[in-house]
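Novice: Quick one: the structure is below, and I'll ask about it shortly.
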Amino acid sequence: MEKQWWHSATIYQIYPKSFMDSNGDGIGDLKGITSRLDYLQKLGITAIWLSPVYKSPMDDNGYDISDYQDIADIFGDMADMEELLAQAEEHNIKIIMDLVVNHTSDEHAWFVEARENPDSPERDYYIWRDQPNDLVSVFGGSAWQYDDKSGQYYLHFFSRKQPDLNWENAELRQKIYDMMNWWIDKGVAGFRMDVIDLIGKIPDQKIKENGPKLHDYIKEMHQATLAGKDLLTVGETWGATPEIAKQYSSPAEKELSMVFQFEHIGLQHKPDAPKWDYIKELDVSALKEIFNKWQTELELGQGWNSLFWNNHDLPRVLSIWGDTGLYHQKSAKALAIALHLMRGTPYIYQGEEIGMTNYPFEDLSQLNDIESLNYAHEAMENGRAQEQVMDSIRMIGRDNARTPMQWDADANAGFSSSAQTWLPVNPNHADINVETALADPDSIFYTYQKLIQLRKDNDWLVDAEFELLDTADKVFAYKRDNYLIVVNLSGEEQALDFASDYKEIIISNTDVEAIFASGKLEAWDAFCVKVE
C-alpha cells in the first residue's frame, strides 16, 4: 500500500459559529479561528475539518449553501478565508472544507432561477414532481414541498429550505466539479462530503442511500477534481457496511480516501426506534464486536477507516458513555486511548480534547438546532410531556456539540466579548477550559497531544493488524503488532486476565505496574504497553 499523509494524520473538526468570536457579535468567525492556530499547533493536529463557512441563510447552520464561492457575512469574507489558509500553512496545518452537494439552500441562484423560470436549464438541477410520494424528511414530515409559483413539488431530504440536487443532470455535476477545483486551486487539502451517499437517490423508487449510480458519480467526481492530487476526502455514509466502505475507499476504486460510518454510534439509540429514544449505558460487548468488524474486514490496502466519537451532529461522548462526575478526566482519557490506537484516521471534535460535556438545557428557548426544535414540536403535539422531550434533547440533541468552545474561566469562557452568545456557554466552563488544561501536565489535553504524536512517529499505528482479545465484558482489549491496548470502559473494577508482563509503557491514564501486579483494572483504567 502506498502511504498517504492522511494515514498518520489526526484531523480536528471546527464548528465555526462556536470556536472563537473575534468581533464581539457572539458568533465565531474565520479571524477567530486564525487567532487560535497556535493552540491547534501545540495540540499537534495535521488538519482542520472546517464545517461550512459558505454564504448561507443559516437555516441549518451553514449546511444550506446559497453560494459555494462566497463566505457567509457572519464568518467574514473571502480575504479572511484566504488569510486562514495562509496562516494555517505557516502552522503546518491543512484545511479540509465541508462540502454539501446533495442539496443547496432555496436561496441559491440555481434554485431561485429554477423556481422563477420552469423552462430554465436550472429547473432540472433539482427534483420536481406533480404529485408527492411518501418519502419523509430526516428533519420530520414529508420530503416534498409544494411550490405555489411553479405548481409542482420539489424534493428535500432535510429542511424545506434545502432542496435536493438532481445528480442525473450532467451540466449540474460539471458545475459542482468546477467549484471543487476552484477551492482546490485556493489551497484546500480536501473535502469532507456531507451525506454523500444520498446523491445517487432515485425518489420514484424510494431509494435514498446507495443508489445504483452513486459510485459512478463519485468516480466521475474523482476523475474531474481529485485525480493526481494529494488530497484527503471523507464521505459521510450513515448506511455503510465494510463492503460498501471498500467501494468508497479502496485505492483501486479511485473514489474517496475514507468514509465516516456510524454503526458504533447506533448503540446510543434503541434498536428500530427514533434517535430520540436513547440508551445511556454503553453495551461494551456490542461496541467491541462493531470495532472488530470494521478493523478486520476493512483490510489495509482495500480501504481505510475513520475513527471518531464526536462531531457537530452528535452528543458529547463523555456525557453519554463516559463519566462526567468522579471520573471525568480519567474516562475522557480512556475513551481517547481506546479509539486513537486503532487503525484509521482519528478525528477530534473541538473541545473533546479538554473534556467538554453536554449542556444542561432547561427549555426550548435555549435551542437553535432545527432538528431538535422540529422533534420537540412534533413530539409535544403527539402528547409527549415537555420534560420528557427536554430529557431526550439534553442527551442526544445536536446543540450539545455546538455550545461555544471553552477557552478560560472568564465570562463567556473567553469565546466572545458579547453579552449574548448565539448558543449559551456551558456553566461548567469555570472548571473545564483550555487555560486550565494547558496548566495541568496531567490533563486530558496532554493525553490527546501524546496520542497524536504517537501516530506521527509509529508506523505500526498505520500498518499493524488488529486482534481483539477475549476479556471481561466491560474491558476492550486488543493487540496490534507487539503492542497491547487495554481499556476498562466502565466505572467498576474488572479483572485483567491475560498478559503476564510488559516491556515498555507507551501511554496510560493509570498506574500500569500496579495493574499487572494485582491483575485488576480500576474504574476507567486505560493503557498501551509494548509486550515483546
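Only the coordinates and a few stated rules stand behind these numbers; no lab work does. Since this is a predicted model, take the numbers as computed values, not measurements. All Cβ positions, even for glycine, are placed from backbone atoms using ideal geometry, and neighbour counts span all protein chains on display.
Novice: Assigning unit charges at the beta carbon (Lys, Arg +1; Asp, Glu -1) and nothing else, what dipole magnitude in debye, to the nearest 20, does the chain show about its Cα centre?
Specialist: Roughly 680 debye, rounded to the nearest 20.
Novice: Follow-up. Once you order the gyration tensor axes a ≥ b ≥ c over the Cα atoms, which shape class does the chain get: rounded for a/c under 1.5, otherwise prolate or oblate by comparing a/b with b/c?
Specialist: Because a/c hits 1.5 or more and a/b exceeds b/c, the chain counts as prolate.
Novice: Please compute the length gained on full extension between Ala419 and Glu116, using 0.36 nm multiplied by the number of residues separating them and subtracting their Cα-Cα distance. List each step's numbers first, then the result.
Specialist: Values: separation 303, 0.36 × 303 = 109.08 nm, distance 4.15 nm.
Length difference between fully extended and current span is 104.9 nm.
Novice: In what sequence do Ile444, Ile93, Ile184 fall when counting other Cβ within 10 Å, fewest first?
Specialist: In order of increasing Cβ crowding within 10 Å: Ile184, Ile93, Ile444.
Novice: If each DSSP helix of 4+ residues adds -39,500 (n - 2.57) and the sum is divided by the residues in the chain, what number results at 222 nm, nearest 500 deg cm²/dmol?
Specialist: Values: 17 runs with 156 residues, N = 532.
Value at 222 nm, helices only, nearest 500: -8500 deg cm²/dmol.
Novice: Still on this structure, please answer the following. Relative contact order (percent) for region 466-531, with alpha-carbon contacts under 8 angstrom and 6 or more residues of separation?
Specialist: Reported as a whole number, the value is 36 percent.
Novice: On to the next question. Cα-Cα over 29 Å: which of Lys254/Lys333; Lys161/Lys208; Lys333/Lys479?
Specialist: Checking Cα-Cα distances, Lys254/Lys333 exceed 29 Å.
Novice: Do any GluC sites (Glu not before Pro) in region 326-434 lie in a loop, going by DSSP, with at most 15 other beta-carbon atoms within 10 Å of their beta carbon, and if so which?
Specialist: Passing sites in region 326-434 are Glu362.
Novice: On to the next question. Ranked by Cβ crowding within 10 angstrom, fewest neighbours first, how are Val195, Val462 ordered?
Specialist: On the way: Val195 21, Val462 17.
In increasing order of surrounding Cβ atoms, one gets Val462, Val195.
Novice: Here is a further query. Past 31 Å, Cα to Cα: identify those pairs from Lys213/Lys293; Lys3/Lys55; Lys94/Lys474; Lys42/Lys474; Lys229/Lys288, in the order given.
Specialist: From Lys213/Lys293; Lys3/Lys55; Lys94/Lys474; Lys42/Lys474; Lys229/Lys288, over 31 Å: Lys3/Lys55; Lys94/Lys474; Lys42/Lys474; Lys229/Lys288.
Novice: Roughly how many Å is it from the Cα centre of region 313-353 to that of region 469-532, as a whole number?
Specialist: Measuring centre to centre over Cα atoms gives 18 Å.
Novice: Can you give the extra length, in nm with one decimal, that the chain gains between Asn133 and Glu513 once fully stretched, where that is 0.36 nm per residue apart less the Cα-Cα distance?
Specialist: The Asn133-Glu513 span can extend by a further 130.5 nm.
Novice: Return the sequence-ordered ³J(HN,Hα) values of region 476-493 in whole Hz as given by the Karplus equation 6.51 cos²θ - 1.76 cosθ + 1.60 applied to θ = phi - 60°, using x for Gly and Pro.
Specialist: Rounded to whole hertz, the list is 9, 9, 8, 10, 9, 6, 9, 10, 10, 10, 10, 9, 8, 8, 7, x, 10, 5.
Novice: Would you mind pulling out the separation of the Cα centroids of region 272-291 and region 54-122, in Å?
Specialist: Spelled out, the Cα-based centre of one part sits 35 Å from the other.
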